[in-house]
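Heads up, the thing below is written out as structure tokens.
Please treat every number below as a calculation from the coordinates, not as lab data. On a predicted model such as this, the values are computed, not experimentally measured, just so you know. Cβ placement follows ideal geometry from the backbone for every residue including glycine, while neighbour counts extend to all protein chains displayed.
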């Protein structure tokens, strides 16, 4: 009966995990269409159930699904009408329609903000473990409604609370059945007792010998004392021999030394009998231990195999900040995103440099750097032997400092090296003007040799930006470019000379007042007048805060060199790029050559010790325009 009960219970328990097992996945299907061009699935919806999510999107025509941080997705969507998918009570996806502009949206694909992109024609499938704080945006062909056939699946850790008790009970009854079987087998063997075969009949000579020994008062010796004539008799096969007690006189150990080795035979036989008896006992114990061990193992199974109150986690509030990073705004982009931005910028600028195509370069460059490059393309198209501007560095990213922000425009600074270690590193400043634009390179300066950048925050923390009129720095950022231009023109006589550190300033050494005075003394300018003027650049300055409370400031200004004749009849030569831009090789009125100067400053904080000054850590110069005076 125990065996029957055991089999029934085990069968029911196994059925809990097979034929009666719940489904292996939880499926949420979008059951309504939307007229909006964008469908957003936030991270809270994707994390309604545990496990890695599988997303299937079907529709007509091209389909694009992108993954990004929720504030980036929201920024890209902006004021446009869109739908937000949420999980209903029956695990179906329901839509929350958000009113907004119905103007046609550009393609989702290709934005620098996305972590992943998936595209297909008619169907898109992908798996993702989407964290909270990220979202998925889905769109069809630009200008059409978003796909309505969206399916999200989660793995389901099926709970079968009867599996554990049923299998455990089944194993317990199996152990009892085996125990009862072993007890019955033992009782049966004891009742039967041992069965032995009889000895052969004694010959007449043997009976006479036994009779003589009996009369003499000696104990019968049994088979060991039989006459030699009877010793060659052989037992029948399978017969069990029973030895009679040894009736021969005991040997005197004092006279004959060691005991007869045959005396140990009973001990050996008893040991062998004990071993043969122990083997079936161990086998029986092993059979009984198997279900016991299985029961013990089941007690360690997960809670999904045992009954209990289902513990649904309570709705959690937003986690309290646990570190400085959690209390700050998110960074503008991640390290992986910047690597993609940098690589694409290298590719686009390289192609534009080869094709001398300013429109192509505009995809990844913007003013003021784009203005200088467009000028270079212009003169190189007239004279292919003229040198190109420095390209985007092809080495590793040495430093990355993204802005802490959730709004636009956004700024990212980076220091990038070259594969040729002999070349100086470049400081790059990118800006993303709005959420639907890509990052474009705005400033590129060469770091001065021996100049140390101030310490900045890590890539994951980023840095705050400051307005141009902030009082938190030693001097207002929007005044620094014009002040430094005055120093280059007037040297120590400038009223701003005390703002800047002169030692180690390679730009002042190359373009400052002493260098200008030396240029005037050159023989080729003996009959010429050289004058310089400076003007501000309309491009906004970019700055990010450093760890000491100061800031790294990237800015630019223009400096114009006017060369005019001292006497009537003197001609001013306009060579190479200057002459090409001015449209003349020689001029009797003079030539104005305008140069763009980009500078990266390290600006101290307002509470810096007395005597602390602004340092130039990098700069670049490029010809921007030239024209004839008059």
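Could you let me know the centre-to-centre spacing of segment 507-548 and segment 589-630, using Cα atoms, in angstrom?
With segment 507-548 and segment 589-630 each reduced to a Cα centre, they are spaced 7 Å.
List residues of segment 25-64, by number, whose backbone nitrogen lies under 19 Å from a label position 7 Å along Cα→C-beta of residue 86.
From segment 25-64, the list is 28-36, 38-49.
Antiparallel DSSP bridges in segment 335-628: what percent, to the nearest 5?
Close to 95 percent.
Stretched out fully, how many nm does the piece from residue 612 to residue 123 gain, at 0.36 nm a residue minus the Cα gap?
169.8 nm
How large is the Rg to Rh ratio of segment 335-628 when both quantities use alpha carbon positions and Rh follows Kirkwood?
Radius of gyration over Kirkwood radius for segment 335-628 works out to 0.98.
Expressed in whole Å with the largest first, what are the equivalent ellipsoid semi-axes of segment 23-155 derived from the C-alpha gyration tensor as the square root of 5 times each eigenvalue?
After diagonalising the Cα gyration tensor, the semi-axes are 21, 15, 15 Å.
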